[in-house]
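Notes to accompany the following structure.
The values are calculated or read from the model by the stated rules, or taken from the named source; none is laboratory data. Small disclaimer: the values here were computed from a predicted structure and weren't measured. Cβ: placed from backbone, ideal geometry, glycine included. Neighbour counts: every protein chain shown. Please note that ligands, DNA and RNA were not included when accessible areas were found on the heavy atoms of the full protein model with its side chains. Shrake-Rupley method; radii C 1.70, N 1.55, O 1.52, S 1.80 Å.
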Amino acid sequence: MSKITKNSMKVIGKHLREVGEEIDEESIDKAVQEIINANKIFVVGAGRSGLAAKMFAMRLMHLGLNVYVVGETINPALEKNDLVIAITGSGETSSTIEVSKTTKEFGARLVSITSSPNSTISKLSDDSIIVRDEFSNKKLTQKEIAPLGTLFELTAAVLMDSIISELMHVLEKDEEDLSNKHATLE
């Protein structure tokens, strides 16, 4: 059985490397600028994409940024100089689309991370980072190696952690700065 696990990890690792080479640097640069320029940052996603969004929000908080997870009870009002970052593989998740439409109605900025360049979320976004969620080797059975959106969620999580690395550089923060903001009540 462990052979299946090891093979899955190798295939997923190869996918992450390939997508890292393909990703549009201009979109990432735009997203980094949007994050830096925002008064408040809100992240949104449903299901496992939502869990990846929460991981990103935690790291943004560790950087000292003013960040919130949509749907939590402590969210302040969305305002014009704020940013919403929407994570959705399909780009058609209804709850994420509704938040995105509200974002645009309030005149706030919207960055999306999706695998669907022609989706509703991409069309609504000021900047959309597209991540491929299919194996380049079509001989592989995706359902067996990475079922139900796993590739998108893992790739998006790695992308967002990589954006944190970029932000650390731009904001001149190091691991000690992040550690100082790490939770003490756990």
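General remarks:
- Of the criteria (1) more than 30 Å from Glu176 (Cβ to Cβ); (2) acidic (Asp, Glu); (3) within 18 Å of the chain's Cα centre (by Cα); (4) at pLDDT 95 or above, which one Asp29 fails: (1)
- Looking only at segment 49-79, and only at residues there that are in contact with a strand residue (DSSP E or B) (Cβ under 9 Å, 6 or more places away or on another chain) and part of a loop (DSSP other than H, G, I, E, B), the one that is most open to solvent (accessible area, probe 1.4 Å): Ile74
- Pairs with Cβ under 7 Å, 6+ apart, first in segment 47-66 and within 18 Å of Ser94 (Cα to Cα), second among the charged types (D, E, K, R) and open to solvent by 10 Å² or more (accessible area, probe 1.4 Å): Arg48/Glu153; Ser49/Glu153; Ala52/Glu153
- Meets criteria (within 17 Å of Ser125 (Cα to Cα) and of a type in the set (Asp, Glu)) for Glu72: no
- As for segment 106-128, it holds at least one residue that is among the polar types (S, T, N, Q), open to solvent by less than 20 Å² (accessible area, probe 1.4 Å) and within 13 Å of the chain's Cα centre (by Cα).
- His62 passes every criterion in (1) touching a Ser or Thr at 6+ places or on another chain (Cβ under 9 Å); (2) more than 25 Å from Asn180 (Cβ to Cβ) apart from (2).
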